Structures are given as C-alpha cells and as structure tokens.
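Working notes for the structure below.
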Amino acid sequence: MKAASLSSTILEQEKKSTRLFLYLFFIITLVSGIFTLIVEKRISSEINPGTPEIIIDEWIYFSTELVLLLIGYYLIKVNKSGLIRYIFLLVYLFVALVTELIIYSIYEMEYTSGSVMEIFFVLFTPIFLDKKYFWWVTLGLISKYLIVGLSLSIPKVIHPVTILVLISILTFIFLNKSLSYVKSIEKAYLQLAHNEKLAFMGQVATSIAHEIRNPLTSIKGFLQLQTLQSDVDSKHSSIMMDEIERINLIVNDLLVLGKPSSLSLKSKSIEVIINYVVRLTKNQATANGITYHVEFNSKNPYVLCDENRIKQVLINIFRNAIDAMPNGGNLEIIADNYSDEEICIICRDEGTGIPEEYIGRLQEAFFSTKEDGTGLGLMVSYRIIEEHGGRIEVESSPEKGTTFKIFLPSTDPKMR
C-alpha cells in the first residue's frame, strides 16, 4: 500500500517537473526568438549594413517549438512524461546542428556561439533526478559544437565547450546532492512502511500466540500425564510430543515478532548452548541420514546473552539446515573466535542451497523458501541476534549448500 503510494507520488512529481520544463522551454525560446528577430537583427543591420538579414532559422525554431509543445502535452496525457525531455533534447540538437551548418557554410559571418536554451537544458537536469539524462544533455551539446567546429574549421567552438563543461560540473555536483537527499527520504519512507507493517503483524501475532499457547500447554500436560499413567505406544506419544514442541516454537516466534520481551543477559558458555541444541535436534538429523560434526576452537567460549533466546536461534538455523538435506549429508557446526571481541558460530550444510536473490529477503516476516515454512524462524533469529549486538551472515550456492555465520560479542566468563 505504502510502496504503491510512493510510486504514485514519484510519478506525479515527474509530471509536475515535466510541465514546468515545458512552460519554461516555451517562454525562453519565445523570448529569445523575439529578442533575436526584433532587436539583435536590427542592431546588426544598423552597425553592419552589408550583413544579410537571416530570419529563417528563427522561424524554424518557432515552428519546431510549437510542434514539440503539442507532443509534450500528449505524452503527459498518456503517462509517458519521461520521454519528453529526451525528445526535446534530440530535436533541439538536430535543428541547431543543421541550422548552424547551413548558415555558417553559406554566409561569411563571424561565428557566434552560445544559446540560453543550452544553459537551460544543463541547469534543468537536476529537477528530473536523472543522471542518464544529464549525460545525454552534456555530451550532446558538446558533440554539437565539436561537429560544427570540425566540419567548418571554426576553432572558436572551444570557448562554448569550456563554458558548458564548467556549468555541467557544478550541475553534476548539485544533481548528486539532490539524488542523495531523495534516496534518504525514500529509505525513511520505506522503513516507516515496514515498521507499520511489522507493528500490525505483531499485534495479530501476539493475539494468535496467546490463544494457541493456553490449550497447547493443557494438551502437553495431559499427554505427559497419560504417558506416565497408561501403557501407551511410546513411539506415537514421542511423535506427538515432538509436534507439540514444534508448535510451541512457532508460538515463541510469534510472541517475539509481536512483542519482544526484555533480554535476561548472563555470561554463558556457547559450547554448552550448542551441545544442548545438537542433542535436541540429533534425532531429527539421524532420521534424515545427517551426521553432525561439531568443533570448538574458541579460547574464550563465553558470550553475554539470553540463553533461551540464543537456543531459539540455533534451533531455527539447525533445523533449517536439516530440512535442506532430505537425502542426508554432513552438518558442520564450528564455534571459533572471530576477533578478541567476537565469537563466530558457523553452521554449514550440504543441502539444496538458497538462490542469491532470496538471501536478502531472509529477514522478511513470512518469507520462506520452504513449502511448509512459516517465514518466522529466520526473521526472529535475525532480530534476536541484533538485540544481542551481533549479526548474521549467509553464504549459499544452489545444490552445494548454505553457511550461516552468527557473530556474538564475547565476554568474561566471570560476569553474571
């Protein structure tokens, strides 16, 4: 909704900029033409009576301008205003080039360079926030002068080219500043829309999670009681308990998404946490034909963390790795010091991998590469790690596997 609103706002601003461009183009060429016809030609003829009176080029400009104006309004009406500035520029360059070549090759006149329209084209480029158009304008005008100078052997074209280059440099600086400002506004706008979306989803998620958790707790309690009191099939009861735990994990993710609770930070051994999660997920890994390879190289394996939250992150990532290897394979877990202040936990699988275009979307709520995925686990994991002052990096190759790197600040084991 917000993205669509932003796009429509940008389109409307482009239309306004194009209308202003049309009005100024018409006014400047009209005033310039009248001044040239009435004043400049009269003064020239009085000072140099022998100079031929040339007005055909001005009538060409007038008629061309009128046609361009009609084309411009038509393109705005059919929502193709982006083409107008390019059409105007190309037509102007063609008419100006042909006119100058004809005039200065037929009449023996001193070469006069520069046009207010050329300055207008250059100075107006920042309003369109289009670098491509800026280069079209700058290189197009410079090329026009060079063609005239080389074709008619007029060395004076170097003067307008120098002026154009200087003006273009100043315009380019202003254009970059304008683009930077607009991009920062767009980023803030999209972030605001994203935050509003998360806030709404969070409210819904919290309500759903609380409604699920109460009956889920009762079912789990009664199942445990029935297992102790009755001679039931332990295999089926174990499956039921696993599924209840799976639902409980989803509920925990929903609660974190909806209303993150404050962290209870303590100095904990990352080795103990990893070993716990490995034991918790080993049955699922073994059933899928997956072998764990766990390695600890950290000299100081302690991190200041909320233990349950870090366990939740590792459970999400380890189970994703297991799900990515339906035909079995090796799952490598390594804990090592990345620096004196950071510990890196590496989870490397040999699974199906993640397409490159999806890696940047793993933090999005409800985005999942799995058919039965909720799209909450990784999003919540990213959030939890960020709350701990860490970060997650992902490397993946389709059909070769995925590597998750979790960076957490290390701490003194004596801290509590």
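We did not get these values from a lab; they are worked out from the coordinates using the rules stated. Here the structure is a predicted model, which means the values were calculated and not measured. Positions of Cβ are backbone-derived with ideal geometry, glycine not excepted, and every protein chain shown enters the neighbour counts.
Given a Förster distance of 45 Å, report the FRET efficiency between V394 and N79 from their Cβ-Cβ distance, rounded to the nearest 0.05. Intermediate results must be reported in sequence, preceding the final value.
Numbers: r = 40 Å, r/R0 = 0.88.
Calculated transfer efficiency: 0.70.
Summing +1 for each Lys or Arg and -1 for each Asp or Glu, what net charge is found among the other residues whose Cβ lies under 10 Å from the Cβ of I345? Walk me through the intermediate numbers first.
Values: positive: K405; negative: D336.
Result for the local shell: 0.
Extension gain I87-V294, at 0.36 nm per residue separation less the Cα-Cα distance, in nm?
On the way: separation 207, 0.36 × 207 = 74.52 nm, distance 6.46 nm.
That pair, I87 and V294, stretches by 68.1 nm at full extension.
Rounded to the nearest 0.05, what FRET efficiency do Y276 and E357 give with R0 = 41 Å and r taken as the Cβ-Cβ distance? Could you check? Intermediate values should be presented prior to the final figure.
Working: r = 35 Å, r/R0 = 0.84.
E between Y276 and E357, to the nearest 0.05, is 0.75.
I need the per residue convex hull volume for the range 266-409, using only the alpha carbons, in cubic angstrom as a whole number. Numbers along the way, then the final one.
Working: hull volume 14.3 nm³, N = 144.
Convex hull of Cα atoms, per residue: 99 Å³.
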